[in-house]
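Visitor: Just dropping this structure here.
The values are calculated or read from the model by the stated rules, or taken from the named source; none is laboratory data. Being a predicted model, the structure only gives us computed values, none of them experimental. Here the Cβ positions follow ideal geometry from the backbone for every residue, glycine too, while neighbour counts run over all protein chains shown.
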Amino acid sequence: MEEFLKRHPYIHFVTTTHYEYRTWAKPHHTLCHNVFWQRPFDESVIQPFYPVLNDSLRSLPSVKTSPQNAQIDIRSGEQFARGCRHTWHEWSPTTKLAYSSRTFLRLVAGIVSHEEFRTLFVDNLPNRGPFFDFFRHVAESKAKLLSIEVIQRPDDDDDSVVFKLRGDSVTPCKGSTLFCDIPTATLLRYFVCLAYEAIMDQRRFSIGTLPISTQAFVRQQMREGRLLVGAMLVEQGQTVRLHFGSRDAAISPFW
Amino acid sequence: MFGRRVVQRELEFLETSGVLIQPKRADTLNRLNGREARRAIAAEWEVILLAAVARRADVQYEKPFGSKYPDLLVRFPVPDGPPVEFVGEIVSVSDEHEKKRNPVGYFTQEFNRIAWKMGHDKGGFDIRIGDRTVGIYPEKRTELLLPSKQDVPDFLKRHVAPFIRSVMAHPTVPQNFEWCGSSEIALSIKYDPSRLGWNSGGYASYSSPMALRSNVLYRNLDDKASDLRKSGYTGLKGILVVDAGCQALCSSD
């Protein structure tokens, strides 16, 4: 850089921003910034100027992937799939399960292949992972679903869908005119069925036992680039209502 | 690189704040949604950086200066002084050109594909690729001794496939392949049945800059500096370099 600035005295500064994946403590993606000033340093230029530059660079949003992987994703058309947090969960067994909203939607839409379904297994956790353990517990304890909600994460490309069996009831969700209703018992039966199939080590799974009209509706929303913006229990908990929002860049081209 | 929702949000911010207007917005969208990865990543960086600066200062995007259109004209007030102004170019730098010249990724991918197609999917290979340093100090660079990209499939079929066939015929015997043809290629492959299950390998880092000026970072900076000079702008001028997959940036610290 010094060589460049020496040979180009009419350039007053160069900033570089590069990607790093840090593996110590908590592994994370990060950006590192450097500012190189033309010599001799002119304080009258640097002093007013540096804070704006520094603030701008430090305020850049967090990176989700390395530039190399981002390029591979774009070339292979996988840039939409990258944002799905697949098996992400927060889980208090017997009480609450928060799960990747996009994975939940794909299960409801019945578009998860048998191979993809296997990737949901977390073999070092009971009953092949939180999703299956939670719904197995629902079946065995005959617990009643207290609430379902969607927690939006605008800085990520996936949200969380939260099922609660106990605790405080949730605030009413943001409604939309695009929604579908699924009988709570049908949805629970479907997930319980998947949970039992997951622990039975069978080759094929009954992905697709929800009503065809429900699956078709959810698929249509996803095709149009819409994701869940809310979920709630209606009719005294007898029905789960899933609300879809407007076009979402997480799964559709930029506009 | 960034969350898609974040990029969309920044695009909308740039539109509402009047920084990115048609037809430049349409051009940015085309690049963002295109399949040309380098252009898409560069557009993503532009949107993110523009929005970050535009939240703190007045920004004009690609304002014409003579025949040139520098990416940014930034103006911001300073307490107790006249406003500060500068023009800047955003340049995203990647090692794509070096990767094309040293197709090691393609070579191993093709090797695995041919082995798999021949019925050997158990691994056990260790692939070592030789290299040489070309150029005279201070303009040196590392070059891997591999066939050119278009010659890789033919090279593998002619010279390496018989070795894989021999491995398949005697899978319990360790075997070696050493290239002894042209000096433009240096390749050795070891098969070790005790290492079945994966392949390994090694090669020199060809993208770490060894030359002061013959490197991708310097070339990009030089191009942008030339544009800024030709713009005729007499105030502060700067270049904002961003990472689209460039080893030189990590080592510029």
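Visitor: Here are some residues: B:Val84, B:Val19, B:Val59, B:Val91. Which one is of a type in the set (Val, Ile, Thr), outside any helix (DSSP H, G or I), at pLDDT 95 or above and over 21 Å from A:Arg247 (Cα atoms)?
Guide: Step by step, each of B:Val84, B:Val19, B:Val59, B:Val91 is checked, and only B:Val91 is of a type in the set (Val, Ile, Thr), outside any helix (DSSP H, G or I), at pLDDT 95 or above and over 21 Å from A:Arg247 (Cα atoms).
Visitor: So, one more: Name every residue in the stretch A:1-12 that is at pLDDT 90 or above, within 8 Å of another protein chain (Cβ to nearest Cβ) and surrounded by 15 or more Cβ atoms within 10 Å (Cβ to Cβ), in order of residue number.
Guide: Listed by number, the residues that qualify are A:Phe4, A:His8, A:Ile11, A:His12.
Visitor: Whether any residue in the stretch A:45-55 is surrounded by fewer than 17 Cβ atoms within 10 Å (Cβ to Cβ), free of Cβ contacts under 8 Å to residues at least 60 places away in the same chain, aliphatic (A, V, I, L, M) and more than 21 Å from B:Gly81 (Cβ to Cβ) is what I want to check.
Guide: no
Visitor: Something else: Scanning the stretch B:26-49 for residues that are in contact with a strand residue (DSSP E or B) (Cβ under 6 Å, 6 or more places away or on another chain) and more than 9 Å from chain A (Cβ to nearest Cβ), which turns out nearest to B:His97 (Cα to Cα)?
Guide: Among residues in the stretch B:26-49 that are in contact with a strand residue (DSSP E or B) (Cβ under 6 Å, 6 or more places away or on another chain) and more than 9 Å from chain A (Cβ to nearest Cβ), the one nearest to B:His97 (Cα to Cα) is B:Ala42.
Visitor: Being without any contact (Cβ under 8 Å) to a residue 60 or more places away in the chain and either of a type in the set (A, V, I, L, M, F, W, C) or more than 30 Å from B:Cys250 (Cβ to Cβ) (or both): is that true of B:Leu145 here?
Guide: On the way: without any contact (Cβ under 8 Å) to a residue 60 or more places away in the chain: yes; either of a type in the set (A, V, I, L, M, F, W, C) or more than 30 Å from B:Cys250 (Cβ to Cβ) (or both): yes.
When the stated conditions are applied, B:Leu145 passes them.
Visitor: Which condition number in (1) under 25 Å from B:Val242 (Cα atoms); (2) polar (S, T, N, Q); (3) crowded, with 17+ Cβ neighbours inside 10 Å is the one that A:Ser59 fails?
Guide: The one condition A:Ser59 does not meet is (3).
Visitor: OK, next. From the list A:Arg102, A:Arg85, A:Arg153, A:Arg136, pick out the single residue that is touching a Cys at 6+ places or on another chain (Cβ under 8 Å), at pLDDT 85 or above and among the basic types (Lys, Arg).
Guide: A:Arg102
Visitor: Here is a check on your reading of the model: is A:Gln220 under 30 Å from B:Asn33 (Cα atoms) and not in a strand (DSSP E or B)?
Guide: Details: under 30 Å from B:Asn33 (Cα atoms): yes; not in a strand (DSSP E or B): yes.
In short, yes.
Visitor: Among the numbered criteria (1) at pLDDT 85 or above; (2) more than 19 Å from A:Val229 (Cα to Cα); (3) in a loop (DSSP other than H, G, I, E, B), which one does A:Asn124 miss?
Guide: With respect to (1) at pLDDT 85 or above; (2) more than 19 Å from A:Val229 (Cα to Cα); (3) in a loop (DSSP other than H, G, I, E, B), A:Asn124 is out only on (1).
Visitor: Let me ask something else about it. Give the stretch B:59-117 a look and list any residue that's among the hydrophobic types (A, V, I, L, M, F, W, C) and touching an Asp or Glu at 6+ places or on another chain (Cβ under 6 Å), or say none. Lay out the reasoning, then the answer.
Guide: Initially, the stretch B:59-117 is screened for residues among the hydrophobic types (A, V, I, L, M, F, W, C), giving B:59, B:65, B:72-74, B:76, B:78, B:84, B:86-87, B:90-91, B:93, B:104, B:107, B:111, B:114-116.
Correct list: B:Ile90 only.
Visitor: Test of understanding: among A:Arg136, A:Arg203, which residue is surrounded by fewer than 17 Cβ atoms within 10 Å (Cβ to Cβ) and either part of a loop (DSSP other than H, G, I, E, B) or more than 23 Å from the chain's Cα centre (by Cα) (or both)?
Guide: Of A:Arg136, A:Arg203, the one residue that is surrounded by fewer than 17 Cβ atoms within 10 Å (Cβ to Cβ) and either part of a loop (DSSP other than H, G, I, E, B) or more than 23 Å from the chain's Cα centre (by Cα) (or both) is A:Arg203.
Visitor: So in the stretch B:60-86, with the set limited to residues that are more than 10 Å from chain A (Cβ to nearest Cβ) and aliphatic (A, V, I, L, M), which one is farthest from B:Arg25 (Cα to Cα)?
Guide: B:Leu73
Visitor: Please go through the stretch B:115-154 and give me each residue that is surrounded by fewer than 17 Cβ atoms within 10 Å (Cβ to Cβ), in a helix (DSSP H, G or I) and hydrophobic (A, V, I, L, M, F, W, C), ordered by number.
Guide: B:Trp116 - this is the single residue of the stretch B:115-154 that is surrounded by fewer than 17 Cβ atoms within 10 Å (Cβ to Cβ), in a helix (DSSP H, G or I) and hydrophobic (A, V, I, L, M, F, W, C).
Visitor: Test of understanding: among B:Ile239, B:Ile189, which residue is among the hydrophobic types (A, V, I, L, M, F, W, C), more than 30 Å from B:Val47 (Cβ to Cβ) and not in a loop (DSSP other than H, G, I, E, B)?
Guide: So the residue among B:Ile239, B:Ile189 that is among the hydrophobic types (A, V, I, L, M, F, W, C), more than 30 Å from B:Val47 (Cβ to Cβ) and not in a loop (DSSP other than H, G, I, E, B) is B:Ile189.
Visitor: Looking at the stretch B:213-235, is at least one residue outside any helix (DSSP H, G or I) and among the β-branched types (Val, Ile, Thr)?
Guide: Scanning the stretch B:213-235 turns up at least one residue that is outside any helix (DSSP H, G or I) and among the β-branched types (Val, Ile, Thr).
Visitor: Still on this structure, please answer the following. Please enumerate the residues belonging to the stretch A:13-41 that are at the interface with chain B (Cβ under 10 Å from one of its Cβ atoms) and over 29 Å from B:Phe2 (Cα atoms).
Guide: Hit for the stretch A:13-41 is A:Gln38, nothing else.
Visitor: Checking A:Pro154 against (1) more than 17 Å from the chain's Cα centre (by Cα); (2) within 14 Å of chain B (Cβ to nearest Cβ); (3) surrounded by fewer than 17 Cβ atoms within 10 Å (Cβ to Cβ), only one condition comes out false. Which one?
Guide: For A:Pro154, the failing item is (1).
Visitor: I need the full set of residues from the stretch A:7-39 which are in contact (Cβ under 8 Å) with a residue 12 or more places away in the chain and not in a strand (DSSP E or B), in order please.
Guide: A:Pro9, A:Ile11, A:His12, A:Gln38, A:Arg39 - these are the residues of the stretch A:7-39 that are in contact (Cβ under 8 Å) with a residue 12 or more places away in the chain and not in a strand (DSSP E or B).
Visitor: Kindly provide the set of residues from the stretch A:30-40 that are exposed (fewer than 15 other Cβ atoms within 10 Å of the Cβ) and of a type outside the set (Ser, Thr, Tyr), ordered by number.
Guide: Within the stretch A:30-40, A:Arg39, A:Pro40 meet the criteria.
Visitor: Select from the stretch A:42-65 the residues that are at the interface with chain B (Cβ under 9 Å from one of its Cβ atoms) and of a type in the set (Val, Ile, Thr) and write down the one among them that is nearest to A:Phe80 (Cα to Cα).
Guide: So the residue we want is A:Thr65.
Visitor: Can you tell me which residue in the stretch B:57-106 is surrounded by the fewest Cβ atoms within 10 Å (Cβ to Cβ), limited to those that are farther than 30 Å from B:Asn199 by Cα and among the basic types (Lys, Arg)? Steps first, answer last, please.
Guide: Step one: filter the stretch B:57-106 for residues farther than 30 Å from B:Asn199 by Cα, giving B:57-93.
Checking which are among the basic types (Lys, Arg) leaves us with B:63, B:68, B:75.
Working: B:Lys63: 15, B:Lys68: 18, B:Arg75: 13.
Of everything passing the filter in the stretch B:57-106, B:Arg75 is surrounded by the fewest Cβ atoms within 10 Å (Cβ to Cβ).
Visitor: Quick one: how many residues across the stretch A:230-245 are crowded, with 19+ Cβ neighbours inside 10 Å and farther than 16 Å from A:Ser147 by Cβ?
Guide: Looking only at that region, the number is 1.
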